[in-house]
1. Would you confirm whether any residue within the range 79-90 is among the polar types (S, T, N, Q) and out of contact with any helix residue (DSSP H, G or I) (no Cβ under 7 Å at 6 or more places or on another chain)?
2. Which residues, taken from the range 46-87, are at pLDDT below 85, over 22 Å from Gly32 (Cβ atoms), in a helix (DSSP H, G or I) and not aliphatic (A, V, I, L, M)?
3. What pairs can you find where one residue is in the range 7-34 and closer than 27 Å to Leu84 by Cα, the other is at pLDDT 80 or above and small (Gly, Ala, Ser), and their Cβ atoms are less than 7 Å apart, with a gap of 6+ or different chains?
4. Output the number of residues of the range 1-19 satisfying the condition of being at pLDDT below 80, open to solvent by less than 100 Å² (accessible area, probe 1.4 Å) and more than 31 Å from the chain's Cα centre (by Cα).
5. Among Ile52, Ile37, Ile85, which is open to solvent by 100 Å² or more (accessible area, probe 1.4 Å) and under 32 Å from the mean Cα position of the chain (by Cα)?
6. Given the criteria over 27 Å from Gly27 (Cβ atoms), free of Cβ contacts under 8 Å to residues at least 24 places away in the same chain and either in contact with a Cys (Cβ under 8 Å, 6 or more places away or on another chain) or open to solvent by 90 Å² or more (accessible area, probe 1.4 Å) (or both), does Leu64 qualify?
Amino acid sequence: MAEKTSGFFAEFKTFIARGNVIDMAVGVIIGGAFSNITNSLINDIVMPVLGIFTSSVSFADLSLEAGPAVIAYGNFIQAVLNFLIMALVVFCLVKAINSFHKKKEAAPPPPGPSAEEQLLTEIRDLLKDK
């Protein structure tokens, strides 16, 4: 049993030490902070503007009472808007990063040697052969 435990921990250590896991952890942390920014954008800017048109300051206040049950559809609308804005921003970021990589890959090849350099190279090679 000790061999299985040490093998398990060694495998776990290898898994944690991978660069991909560290990158993913950084992404999750930044994503959490980015989520706060997006929620603030929704709650403090988008929702008040939409509230002007719906005669309500917040969608979270919108609900429907069906007997003893309260259906808070406003919270759902707000969650959907949060998701759509987050997805739009992530799409724009990925698109920008991809276009940056395409520009980097599509860089023109460096120019070849000039006619003068080619002539000097030929002269050098002829002198070497003599």
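1. Step one: of the range 79-90, the residues among the polar types (S, T, N, Q) are 82.
With the extra rule that they be out of contact with any helix residue (DSSP H, G or I) (no Cβ under 7 Å at 6 or more places or on another chain), the set shrinks to none.
Checked against the condition, which is being among the polar types (S, T, N, Q) and out of contact with any helix residue (DSSP H, G or I) (no Cβ under 7 Å at 6 or more places or on another chain), the range 79-90 yields no hits at all.
2. Of everything in the range 46-87, those that are at pLDDT below 85, over 22 Å from Gly32 (Cβ atoms), in a helix (DSSP H, G or I) and not aliphatic (A, V, I, L, M) turn out to be Pro48, Gly51, Phe53, Thr54, Phe59, Asp61, Gly74.
3. Note: no pairs meet the criteria.
4. Total satisfying the criteria: 3.
5. On inspection, the qualifying residue turns out to be Ile37.
6. Working: over 27 Å from Gly27 (Cβ atoms): yes; free of Cβ contacts under 8 Å to residues at least 24 places away in the same chain: yes; either in contact with a Cys (Cβ under 8 Å, 6 or more places away or on another chain) or open to solvent by 90 Å² or more (accessible area, probe 1.4 Å) (or both): yes.
The answer is yes for Leu64.
The values are calculated or read from the model by the stated rules, or taken from the named source; none is laboratory data. Keep in mind that what you see is a predicted model, and the values were worked out from it rather than measured. Quick reminder, even Gly has a Cβ in these numbers, built from the backbone with ideal geometry, and neighbours come from all protein chains shown. The accessibility values were calculated without ligands, DNA or RNA, using every heavy atom of the protein model including side chains. Shrake-Rupley method; radii C 1.70, N 1.55, O 1.52, S 1.80 Å.
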